[in-house]
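Derivation of every value follows stated rules applied to the coordinates shown; laboratory data play no part. Small disclaimer: the values here were computed from a predicted structure and weren't measured. Quick reminder, even Gly has a Cβ in these numbers, built from the backbone with ideal geometry, and neighbours come from all protein chains shown.
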Amino acid sequence: MSLVSKIVSGAKTFWYGDIATKTINPSKAERLLKYKGIEKVLGNQSDIGVTTFRIKPDISMPMNVHTRYLTNPAIEIKPNLLKNKNQFQQAELGNIALRLAEKYEQSLPGAKKEIQDVFEGFNVSVRAKGANSVFSKLERVLIKKKQSIKTDEEARQIILDAIGGRIQLADVTRKDVVETLNSIRINKQGLSNREKKLILKLFNNEKITEKELNAISGYIKPIKIALAEKQSEPVFEKFILGGLKDALNRKVTTLEELEKVGIRKDLISKLKTDQNIKPLKIGEVNNYKGFDGVSYFSDRQINEFEKLQLATKERFDIITCSENIDLAKYGLEGLSKNAKDAIKPSGYTTAQVNATLKDGTFAEIQVRGSGPFGEYEHLKYDSVLGKNTLGEIYKPYSQAVKNLTPEEMTLYDEYISKTYDYYRLKELNIHIPKPELPSGFNPILSEESMKNLYNINNLDQKEKLIGFIPHVETPNKMFMG
């Protein structure tokens, strides 16, 4: 028997003695892999050590028990092999995902405190990205970008939302609407009492004539934007003031430079007088909305992020589509890539700001309203991609999505997008008729069904999680000898 064969054979006892716990000594595993010829064995026999790890009751992912506790993948992860579902490549990617998820979990307490300190007074939740989500994102990005990785650090640089924060904004009140109608200036003119009355009727989903609608149609978009800004301004200020404070602390700009680039005077004043502002190193800003949607950050607010870049000379992507572009007239033709990326066919609406936390961990902080659709609208997206994040409960829905023809999928996207807009406008105290699933579609595809499946799945998972421990599943049969 060759030396390599003896090593592989002996590994059976070494690695399967207590497979569900960390019995593998990383230094021993490193030495084992350095024996002459072992790399060839691992490369040629792609199922050596390959098994699955049960992360949740209904969700498993590939892993390799032989190389689980290395600090980097045993081989280079290549997009063409991932695309072809090479077992060993997928298992090594699974190992990376498990290792990164462990680190994210370890950094969670500090990250949670930092984010909650910055956004004190807001409804904030913070979580660490799970291994199955890490695996799914890495696989998708590597294949899409035709990118290879050799180290866990390269993978970490791809995962920009190791920590996820979510801030839920309060809904706009009737009082907010009235105050906005009284204060707004459109073309330097205020609204007449008659115009205010018609707008309130429209927002209340009360009947108005076509003539009355035409009389106020030019005011609707500016008012929606003003209401959205009123809703998000308090949390926007936390972001921008945190970013400005961080830049000043790192001495990459000065108050004089901030004033020079035109940062809003009220923000400058708060920087000078408010000693409780917590620093936050700002990264990419994503201001997503649907084709006819209302984003959370206005052009005016986005412009302050742009000024921050000017003052610091530090670039980060800003994915947004200006409110001044008439999409109904021009569509997406001629838009910049960032503007196109900001318009989501599903109507997905959120503001997402990436940040680098004090310990170097990447965080993605989402801003949303109370609309519940954001919790389960991704079911359609996940079903199309075949993501491993959906449990057994969703199989009938996923299959119904996959059965849609291209023409039907277009209609379904429109329905999903209109449903998103319905809930988004409701947050702004604007009430419109709820969209209906197109005639002839499987009822399981309706928003009501999606919500029902989501709730059933949550209850099902809670029951299954009682006593559940994440574990390695039955190893490859070639090692069971």
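The figures follow:
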{"quantity": "Cα extents of the range 320-462 along the three principal axes, largest first (Å)", "calculated": "47, 39, 32"}
{"quantity": "Distance (nanometres) between label positions extended 7 Å along Cα→Cβ at residue 187 and residue 310", "calculated": "2.9 nm"}
{"quantity": "Hypothetical label at residue 140: residues of the range 407-444 whose amide nitrogen lies under 11 Å (7 Å Cα-Cβ projection)", "calculated": "none"}
{"quantity": "Point-charge dipole on Cβ atoms (K/R +1, D/E -1) for the chain, about Cα centre, debye to 20", "calculated": "940 debye"}
{"quantity": "Nonlocal amide H pairs with residue 284, under 5 Å, H built at 1.01 Å", "calculated": "317, 354"}
{"quantity": "The chain, helix-only ellipticity at 222 nm - DSSP H runs n ≥ 4, -39,500 (n - 2.57), divided by all residues, nearest 500", "calculated": "-16000 deg cm²/dmol"}
{"quantity": "Mean separation of Cα contacts under 8 Å (6+ apart) over length of the range 204-284, as relative contact order %", "calculated": "36 percent"}
{"quantity": "Calculated FRET efficiency for the pair residue 212/residue 375, C-beta based, R₀ 22 Å, to 0.05", "calculated": "0.05"}
{"quantity": "Cα radius of gyration and Dmax for the range 210-313 (Å)", "calculated": "16.6, 58"}
{"quantity": "Backbone HN-Hα couplings from phi across the range 53-66 [Karplus 6.51/-1.76/1.60, Hz, Gly and Pro as x]", "calculated": "10, 7, 7, 10, x, 10, 10, 10, 9, x, 7, 10, 5, 5"}
{"quantity": "Computed E for residue 71/residue 392 - FRET, C-beta separation, R0 25 angstrom, nearest 0.05", "calculated": "0.10"}
{"quantity": "Chain lengthening between residue 117 and residue 329 when straightened (0.36 nm per residue, less Cα-Cα)", "calculated": "71.9 nm"}
{"quantity": "Axial C-alpha extent at least 30 Å, average Kyte-Doolittle at least -1.0 - helices from the chain (DSSP)", "calculated": "87-118, 210-249"}
{"quantity": "Antiparallel DSSP beta bridges within the chain, as percent of all bridges there, nearest 5", "calculated": "75 percent"}
{"quantity": "Given charges at Cβ of Lys, Arg, Asp, Glu: the range 125-264 dipole, positive-most of 200, 138, 183", "calculated": "200"}
{"quantity": "Cα-based equivalent ellipsoid of the range 113-218: semi-axis lengths in Å, sorted from largest, via gyration tensor", "calculated": "48, 20, 13"}
{"quantity": "For the chain, the Rg and Dmax computed from alpha carbons only, in angstrom", "calculated": "26.1, 94"}
{"quantity": "Rule-of-thumb Rg ratio for the range 276-395 [Cα; 2.2 N^0.38 Å; N residues]", "calculated": "1.21"}
{"quantity": "Orientation-averaged projected area, Cα convex hull of the range 43-167 (nm²)", "calculated": "8.3 nm²"}
{"quantity": "Net dipole in debye of the range 390-479 [+1 Lys, Arg Cβ; -1 Asp, Glu Cβ; about Cα centre; nearest 20]", "calculated": "280 debye"}
{"quantity": "At R0 = 30 Å, FRET efficiency that the Cβ-Cβ distance of residue 460 and residue 432 yields, to 0.05", "calculated": "0.35"}
{"quantity": "Selection from 276, 234, 415 lying farthest towards where the dipole of the chain points positive, charges on Cβ", "calculated": "276"}
